[in-house]
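As structure tokens, the structure follows; a few thoughts come after it.
Read-outs throughout are calculated quantities, based only on the coordinates presented, and are distinct from any laboratory measurement. Because the structure is a prediction, the values reported are computed rather than measured. We place every Cβ from the backbone using ideal geometry, glycine too, and count neighbours over all the protein chains shown.
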Amino acid sequence: MRTIRKLNEECAVFAVSLTIDEAAGLTYNGLLSLQHRGQEGAGIAVANDGHIFCHKDIGLVSEVFSTTELEKLPKGKIAVGHTRYSTTGVNKRENVGPFVTDYLTGRIAVAHNGNVTNALVIRENLKRQGLRFGATSDSEVISSFMAYYMMNDENPLSGIIKAADMLRGAFSLAIVCNDDKLIAIRDPNGFRPLCIGKNKLGYAVVSESCALDTCDFKLVRDVLPGEVVVIENGEITDEGIKLKNKENDRGLCIFEYVYFARPDSVVDGVSVYKARHNMGKELAREYQVDADVVCGVPDSGLIAASGYSEASGMPLVTGFVMNRYIGRSFIYPTQIQRDSAVRLKLNPLAANIKGKRVVLVEDSIVRGTTTGLMLRNLKNAGAKEVHMMVSSPPFRHTCHYGTDIDSEENLIANKMSLEEIRVKIGAASLKYLSIEGLKSACNGCLLDFCTACFTGNGESSRAKKNVFE
């Protein structure tokens, strides 16, 4: 069972359609820029001469793709890549994307970000049609489902659209067909980001615009909720096709701005950096405390801390020095080692906090264990008192759309009152940003927001609908 120490989000996609044979290498570079969205596995599928070649495995992008492995792939003009963080399916190679599926007249490769809530129903119905599955991921179900409809439709694109129309939940998709089409699809609610970039070589479809910047593409626009975009030979050949189904009016997961997206990304018209800076300013407007300095928890709380400092007039200081050389394999077999791990990664900078009343800004509190240890370490380093400011509302509900939130009974906000949490973590005061303040900080977003993890406005009953009825 996974122990939740920080919220995680499922996957990133990066795909290109170019006029020259550089798709594989460019996709590799793009995945490196999206590594923050998934560190459990990576894969790249390349279409070349009517065939699709794929390599994928568990591990970081640089671990999966050695120079040798990358050279084995054809360079190609069209490719799709994926980084994985699992919210459905165990972490094994078979569950890493892209998923390549053969059908009677062709082959497709699918990379997926999100969580399809009716995947189990679709899977069982496809099994009754004679299909077999080698993984436990909903992304494999999507790929097989689309191949099934492509095989049974005279027009393969029409088959893909029909299949997508029957998916429920969150799905930002990049699909490569062996006829050299790249197809981008975003679910009708727009839960997860997906955008399009262009350069002189062609087009890219990516989860975040930061990957466009690093690969020398210019952001053109976001894929609209429910939109299907077709790219061939480095040119957009069809856009504005709309899926029919919309479960509700939830919209983009607001936690993309709080934590998931990289700060140098622009998501649905809003700079992630500016949104986080605004969260800190909103916190300061809602809660003023008598303190000496402001600091943020690296890296997730730093930008909001700068906003709090600006709005409050309190100086911003570095409160922790972060050890960036503790790898993913750093294991804590005993409680003493688990407790010391926080300090090994985040060591308080006593020169800035000793004898000071500190405002500490963090993006969220899940269980409260790590937060309590950080506050204790600050006090041991000489902080006079610590006021905890959180740049999002309390987490109270699990997510059906791709965010790995612990079970509700383990969420500290469901077990304790605000005052009890304050006492547990050892804070002089504890404040969370309001829903209204969070939305205001993200003002300018082109979409509505999904705030179900805070409010409990959860999964639609239509997620369980039998799509073969």
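Size descriptor for the chain, Kirkwood hydrodynamic radius: 22.9 Å (Cα pairs only, one decimal).
Using a cutoff of 8 angstrom between alpha carbon atoms and counting only pairs six or more residues apart, the relative contact order for the chain works out to 14 percent. The loop-placed trypsin sites (Lys or Arg not before Pro) in region 178-215, going by DSSP, that have at most 11 neighbouring Cβ atoms within 10 Å of their Cβ come out as K200.
Can you give the alpha-carbon Rg of region 267-454 over 2.2 N^0.38 Å, where N counts its residues? The partial results should precede the final answer.
Values: Rg = 16.4 Å, N = 188, 2.2 N^0.38 = 16.1 Å.
So region 267-454 has a normalised radius of gyration of 1.02.
Starting from region 85-158, pick out the GluC sites (Glu not before Pro) whose DSSP state is loop and whose Cβ has at most 15 other Cβ atoms within 10 Å.
Details: sites: E94, E124, E140, E154; in loops: E154.
Those that pass, being in a loop and sparsely packed, are E154.
Footprinting exposure proxy ranking of T19, T403, T451, fewest other C-beta atoms within 10 angstrom first, gives T19, T451, T403. Pairs exceeding 20 Å between alpha-carbon atoms, taken from K345/K384; K77/K198; K281/K431; K274/K424; K356/K379; K75/K200: K345/K384; K274/K424.
Can you tell which of G50, L418, A174 lies farthest toward the positive end of the dipole of the chain, using +1 and -1 charges on the Cβ of basic and acidic side chains (Lys, Arg; Asp, Glu)? Result: L418. Toward the positive end of the charge dipole of region 267-454, with +1 on the Cβ of Lys and Arg and -1 on the Cβ of Asp and Glu, the farthest Cα among M279, S309, S407 is that of S309.
Taking the 0 to 90 degree range and rounding to the nearest ten, how far is the long axis of helix 138-151 tilted relative to the main principal axis of the chain, both from C-alpha atoms? The angle comes out near 20 degrees. Helix 302-312 axis versus longest C-alpha principal axis of the chain: approximately 50°, rounded to the nearest ten. Our summary gives region 202-272 a relative contact order of 32 percent, counting only alpha carbon pairs under 8 angstrom and 6 or more residues apart.
Are there trypsin sites (Lys or Arg not before Pro) in region 63-147 that DSSP puts in a loop and that have at most 16 other Cβ atoms within 10 Å, and which ones? Intermediate results must be reported in sequence, preceding the final value.
Working: sites: K72, K75, K77, R84, K92, R93, R107, R123, K127, R128, R132; in loops: K75, K77, K92, R132.
Here the trypsin sites (Lys or Arg not before Pro) that fit, given the DSSP loop and packing criteria, are K92, R132.
Rounded to the nearest 20, the size of the Cβ-charge dipole of the chain about its Cα centre is 1420 debye, with Lys and Arg at +1 and Asp and Glu at -1. How would you classify region 66-181 from its alpha-carbon gyration tensor, with a ≥ b ≥ c the square roots of the eigenvalues: rounded for a/c under 1.5, else prolate if a/b is greater than b/c, otherwise oblate? Oblate.
Given contacts defined as C-alpha pairs under 8 Å and at least six residues apart, what's the relative contact order of region 8-246, whole-number percent? The partial results should precede the final answer.
Working: 654 pairs, mean separation 51.2, N = 239.
Dividing the mean separation by the residue count of region 8-246 yields 21 percent.
Can you give the direction-averaged projected area of the convex hull of the alpha-carbon atoms in region 8-246, in nm²? Taking the Cα atoms of region 8-246, their convex hull projects to 11.0 nm² on average. Positive end of the dipole of the chain (Cβ unit charges, origin at the Cα centre): among C210, I185, N347, the Cα lying farthest that way belongs to N347.
If each DSSP helix of 4+ residues adds -39,500 (n - 2.57) and the sum is divided by the residues in the chain, what number results at 222 nm, nearest 500 deg cm²/dmol? Spell out each step's value before the answer.
On the way: 16 runs with 137 residues, N = 469.
My calculation for the chain gives -8000 deg cm²/dmol from helical runs alone.
Taking chymotrypsin sites (Phe, Trp or Tyr not before Pro) as exposed when DSSP calls them loop and at most 15 other C-beta atoms lie within 10 angstrom, the chain has its longest site-free stretch at 134-324. Helix 335-345 and the longest principal axis of the Cα set of the chain meet at an angle near 90°.
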